[in-house]
Ligand code: PLP
């Protein structure tokens with residue numbers, strides 16, 4: 001165990017604690033934050049030059065690793081030309097070019113791009129588009145159907161359509177009504193389908209789903225066939241289908257988008273995280289022509305009254321264009337397949353190990369449940385904290401979701417680094433026995 005890894009020579013952790021309130025962090029009990037001074041590729045360096053392997057791409061965002069020189073160069077050039085401009089009444093090259101390049105990569109029914117700032121706002125925009133679509137048609141609908149355990153973000157609309165949990169508990173009185181169906185994991189498909197059938201009515205504005213993999217809900221995975229059935233059913237009953245690809249987009253599931261695994265096409269798609277290679281805050285909501293047309297009118301009240309100060313920030317759009325260049329390269333496409341294959345081999349080994357249950361994989365995402373008896377059931381379990389700390393001591397950054405452990409690495413991760421991550425997991429399993 002290399003305790004030097006967490007070195008805080010400059011006192012930055014104390015200064016941080018004096019002035020900063022961190023996300024998803026119980027500030028009373030959480031250990032001090034670890035100062036990171038530099039990121040390069042898969043590695044995050046501390047003040048002493050020790051490094052952590054970022055096995056989860058930070059918050060699932062840095063698909064090309066950290067501080068990629070190509071993205072950095074493009075953003076620097078853009079900064080010297082146009083760093084920002086109001087996006088109502090004005091436009092710019094990076095925003096137009098990004099929309100022109102993104103749309104042909106998405107399901108063919110996607111026709112328009114609306115920019116925002118992150119995954120939560122991409123979901124907010126999709127929900128507002130869905131509700132106002134029906135409003136503008138003169139047939140208002142009030143309900144949304146979501147999946148148990150879903151996570152779509154932390155803003156109010158995104159919270160409303162997320163599963164109910166400790167994250168949403170204080171806010172429940174302020175969230176609009178949402179009906180839930182079970183996540184259609186193997187064995188639950190029929191129940192999910194029947195429940196959706198029972199809930200669909202002409203008051204359902206939208207059905208929202210994280211295609212193929214439910215992220216924060218615990219890397220819960222379901223098959224494309226059942227998703228096609230659910231989406232097809234929802235669409236036949238008139239509900240708009242929102243695919244939240246904030247986590248699954250940009251190669252994560254082994255294909256460019258999770259939607260590529262499906263026959264059904266969603267009406268709205270939400271993107272963020274890997275969109276800029278995890279380098280800048282940017283969200284995108286795309287929609288069909290039918291939805292867009294419901295907002296085009298001589299009636300000004302049919303306008304989508306939504307926007308943010310930093311909508312379509314030119315630096316973020318430029319980072320997204322550079323990230324797309326890298327993502328579409330043969331090298332990255334091969335890396336995505338290589339990581340998937342390596343995960344598949346390790347998954348088979350994990351299945352033999354006591355302490356690892358429900359081993360699952362989709363593309364570059366590998367997940368399993370830590371089996372530590374009753375202690376592993378609660379989100380606030382000590383096993384989670386122990387695992388997190390133990391892995392850090394092994395030089396690997398992973399953030400278990402309750403008792404769910406997962407790898408979601410940058411595509412530039414080397415075979416040697418993957419081996420280190422796998423070995424750290426094996427050590428953890430031995431340690432917890
Ligand atoms: N949707 C999904 C599927 C996510 O995984 C997340 C974040 O984890 C979000 C939305 C929210 O994105 P952000 O954290 O950028 O607001």
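What follows draws every value from the coordinates through simple rules; no lab data is involved. Just so we're clear, the structure is a prediction, and the values are computed from it rather than from any experiment. Neighbour counts are summed over all protein chains in view; Cβ atoms, including those assigned to glycine, are modelled from backbone coordinates with ideal geometry.
Gyration tensor over the Cα atoms of the chain: the corresponding equivalent ellipsoid has semi-axes (square roots of 5 times the eigenvalues, largest first) of 34, 27, 21 Å. Taking the longest Cα principal axis of the chain as reference, the axis of helix 69-81 is set at about 50 degrees. The calculated FRET efficiency for residue 169 paired with residue 70, based on their beta-carbon distance and R0 = 41 Å, is about 0.40. Averaging over all projection directions, the Cα-based convex hull of the range 69-327 occupies 13.8 nm² in the image plane. Take residue 389, project a point 7 Å from its Cα along the Cβ direction, then tell me which residues of the range 19-36 have their backbone nitrogen under 19 Å from it. Taking a point 7 Å out along Cα→Cβ of residue 389, the residues of the range 19-36 whose backbone N falls under 19 Å are 25-35. Where both bridge residues fall in the chain, DSSP classifies roughly 65% of the beta bridges as antiparallel. Taking label points 7 Å from Cα along the Cα-to-Cβ direction, residue 352 and residue 9 give a separation of 4.4 nm.
Between residue 344 and residue 21, the modelled label-to-label distance comes to 4.8 nm, taking each label 7 Å out from Cα in the direction of the beta carbon.
The label-point distance for residue 433 and residue 202, in a model that sets each label 7 Å from Cα toward Cβ, rounds to 6.3 nm. Among 287, 270, sorting on how many other beta-carbon atoms sit within 10 Å of each Cβ, with the fewest leading, yields 287, 270.
Normalised by the number of residues in the range 69-327, the mean separation of alpha-carbon contacts (under 8 Å, six or more apart) gives a relative contact order of 29 percent. Between the alpha-carbon centres of the range 112-179 and the range 384-430 there is a gap of 32 Å. Can you bin the range 256-311 into rounded, prolate or oblate? Criterion: square roots of the alpha carbon gyration tensor eigenvalues sorted a ≥ b ≥ c, rounded for a/c under 1.5, prolate for a/b above b/c, oblate for the rest. Taking the square roots of the gyration eigenvalues as a ≥ b ≥ c, the range 256-311 is oblate. Computed from Cα positions, the angle between helix 224-236 and the longest principal axis of the chain comes to roughly 20 degrees. For the range 169-229, the direction-averaged projected area of the alpha-carbon convex hull comes to 5.1 nm². Once C-alpha pairs closer than 8 Å and six or more residues apart are averaged by separation and normalised to the residue number of the chain, the relative contact order reads 21 percent.
The packing ranking, built from the mean of other Cβ atoms within 10 Å per residue, places the peptides 241-252, 172-183, 114-125 in the order 241-252, 114-125, 172-183, highest first. Each distinct pair of alpha carbons in the range 258-384 adds a 1/r term; the inverse of their mean, the Kirkwood radius, is 19.0 Å.
Helices in the chain, meaning DSSP H runs of at least 4 residues, each add -39500 (n - 2.57). Divided by all residues, the mean residue ellipticity at 222 nm is -11000 deg cm²/dmol.
Three semi-axes describe the equivalent ellipsoid of the range 287-338; taken as square roots of 5 times the Cα gyration tensor eigenvalues and ordered largest first, they are 36, 16, 7 Å.
Between residue 97 and residue 306, full extension at 0.36 nm per residue minus the direct alpha carbon distance yields a gain of 73.1 nm.
Let me know the shape class of the range 28-150, please: from the alpha-carbon gyration tensor, a ≥ b ≥ c as square roots of the eigenvalues, rounded when a/c is under 1.5, otherwise prolate if a/b is greater than b/c, or oblate. Since a/c reaches 1.5 but b/c is at least a/b, the shape of the range 28-150 is classed as oblate.
The GNM of the chain, with springs linking C-alpha atoms under 10 angstrom apart, assigns the highest mean-square fluctuation among 68, 343, 22 to 22.
The shape of the range 42-96 comes out prolate: with a ≥ b ≥ c from the C-alpha gyration tensor, a/c is at least 1.5 and a/b beats b/c.
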